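As structure tokens, the structure follows; a few thoughts come after it.
The values are calculated or read from the model by the stated rules, or taken from the named source; none is laboratory data. Bear in mind that the values here come from a model prediction, so they are computed numbers and not experimental data. All Cβ positions, even for glycine, are placed from backbone atoms using ideal geometry, and neighbour counts span all protein chains on display.
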């Protein structure tokens, strides 16, 4: 009898343990919550915190609480936006009925965006090569390229008249890329300052 009641007690304890451990595994969102809080706090130091948070929050599980991964993700979402905007602008540039001045501005802007995309790509590549031994030099390169990308974005939007339909569309998209680039630069600078 005693051994059968001991078996039942062990079975009950095992069931209790399984129930508790499975409910504990459901608390995984606390890691995601920590990640999203980290992103929100980090983004609060950028010029466009709402845009920063919205563009990065969906990557919280990848970013976790890593300043390096946050900066890297910020570069990646900015690059994706720049590439998609460039594709839209390329289609727009081939549409009939565009005024000559707008067509010229569109071509100039496409060149600026192409430069911006290249600079963001280089920055992403360099982020993957950072080591303690080359940190400062590599970060200087990344900061320079992202700053240049920001300048390219701004130059691109300057060529369009604000009162034309195409000008409004392009400026709106380019301004968003510029804001994302600015946020990426702020997060990169913040990451760099941790190693200063």
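Given the criterion over 15 Å from the mean Cα position of the chain (by Cα) and more than 20 Å from residue 90 (Cβ to Cβ), identify the matching residue among 185, 137. Spell out the reasoning first.
Working: 185 fails: over 15 Å from the mean Cα position of the chain (by Cα).
None of the others qualify; the one that does is 137.
Restricting attention to region 50-74, the residues being under 25 Å from residue 169 (Cβ atoms) and touching a residue at least 60 places away in the same chain (Cβ under 8 Å) number 4.
Checking the stated criteria, residue 195 turns out to be in contact (Cβ under 8 Å) with a residue 12 or more places away in the chain and surrounded by fewer than 16 Cβ atoms within 10 Å (Cβ to Cβ).
Looking for something surrounded by 13 or more Cβ atoms within 10 Å (Cβ to Cβ), closer than 26 Å to residue 72 by Cβ, within 21 Å of the chain's Cα centre (by Cα) and without any contact (Cβ under 8 Å) to a residue 24 or more places away in the chain - is there at least one such residue anywhere in region 159-175? Yes - at least one qualifying residue is present in region 159-175. For region 85-100, the tally of residues that are in contact (Cβ under 8 Å) with a residue 24 or more places away in the chain and either part of a helix (DSSP H, G or I) or crowded, with 16+ Cβ neighbours inside 10 Å (or both) stands at 6. In summary, residue 129 fulfils each of the numbered conditions (1) part of a helix (DSSP H, G or I); (2) surrounded by fewer than 18 Cβ atoms within 10 Å (Cβ to Cβ) with the single exception of condition (1). Of the residues making up region 106-113, one or more are part of a helix (DSSP H, G or I), at pLDDT 90 or above and within 19 Å of the chain's Cα centre (by Cα).
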